[in-house]
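Engineer: Let me begin by handing over the structure; questions about it come next.
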């Protein structure tokens, strides 16, 4: 079911026509993936369909799909954007309760709102999916369609979660507000093996890392990796049990379901890996990781207890080894965690972009974000100064592996 939401002034300049599609199942996978190609596994039609078909993203969880599709006059799809109508802010990873309270205190209605994101996958990536050869103005047409949809339905705001740098620039140029955060990723600087990587670390960090690995090995913990095509019901049940255990101790919500995990493994196949850390034949930790477009994504960790060293080994050291062995460019470390810095991960900026229908709200949020972003940039600089890599003889900057690297930042806890 489609409804045209393109502004008339945009149509007269002959950009692509933009329509809303209520659910990824209403979009031809070939059309969507022609726009999403090269932008990671989470933006693929198969992944979004698994999320929606399992009910993980649907009315019950407040993720109502209203995806955008841009077509040329010939009918060829040239752009797309994942978009959801939300009646709550759970599972978005960008807290906005202060905005909710302020909006409602002023007599406004904050919900529903629009969110461009990949549900339950807080991974930086493009949100304006442009097919190769898309005509100029396609990105602007998608941004304009978001605004027109919000105006048409009287929505308070639009929020774009984890756009890449190119999209952040596009939204800011259109007058949207940017919000920063600090995250961590490991980058492969052409390491030949794990030993080559550790040789680039400072002596203290290298000694600590190797000691942690030896402790885990000596404890008798062994690892079992299950590729997505071989994941069975027992594996899924065990994975979710360990996730539930961790979230129960932390009093946080664990949203994943068995149906979603099965669909995910079917959709992405061996790009998905479930890892189980076992001691004496009993699973004590688990990790769901996804590989795609030259990166390995650390997504979901679960454990019986706060086993820090097993956590580090499972989520960081083994994923780094995996990336080096496969010649991958990077390991996305997931949300937060300054402890990742000591394990060879580097800080980078992550972003969200925000648009508010009312000028006064836009102005008030802009003032708050100016202070917030300044603090985040200070944190980023401090984290960069704590680099775990060897310093050159002069003592300023990192060794050759860091020269020319672009350091980019999650909201302070």
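Engineer: Output yes when any residue across segment 187-206 is crowded, with 17+ Cβ neighbours inside 10 Å and closer than 30 Å to residue 95 by Cα, and no when none is.
Structural biologist: yes
Engineer: If you go through segment 38-86 one residue at a time, how many are part of a loop (DSSP other than H, G, I, E, B) and surrounded by fewer than 19 Cβ atoms within 10 Å (Cβ to Cβ)?
Structural biologist: The number of residues fulfilling the criteria is 10.
Engineer: Which one of 267, 283, 258, 234 is farther than 16 Å from residue 120 by Cβ and in contact with a helix residue (DSSP H, G or I) (Cβ under 8 Å, 6 or more places away or on another chain)?
Structural biologist: So the residue among 267, 283, 258, 234 that is farther than 16 Å from residue 120 by Cβ and in contact with a helix residue (DSSP H, G or I) (Cβ under 8 Å, 6 or more places away or on another chain) is 283.
Engineer: Quick check on this structure: which one of 256, 238 is over 28 Å from residue 190 (Cα atoms), assigned to a helix (DSSP H, G or I), touching a strand residue (DSSP E or B) at 6+ places or on another chain (Cβ under 9 Å) and outside the structural domain of residue 89 (by TED's automatic domain parsing)?
Structural biologist: 238
Engineer: Can you tell me which of 247, 204 is closer than 27 Å to residue 123 by Cα, assigned by TED's automatic domain parsing to the domain that holds residue 302 and in a helix (DSSP H, G or I)?
Structural biologist: 247
Engineer: Counting only residues that are modelled with pLDDT under 95 and either not assigned by TED's automatic domain parsing to the domain that holds residue 171 or not in a loop (DSSP other than H, G, I, E, B) (or both), how many does segment 108-139 have?
Structural biologist: 0
Engineer: For residues that are in contact with a strand residue (DSSP E or B) (Cβ under 9 Å, 6 or more places away or on another chain) and outside any helix (DSSP H, G or I), scanning just segment 315-335, find the one that is farthest from residue 189 (Cα to Cα).
Structural biologist: By that ranking, first place goes to 335.
The values are calculated or read from the model by the stated rules, or taken from the named source; none is laboratory data. Keep in mind that this is a model prediction, so the values were computed, not measured. Methodologically, a virtual Cβ is constructed for each residue, glycine included, from the backbone with ideal geometry; neighbour enumeration extends over all protein chains shown.
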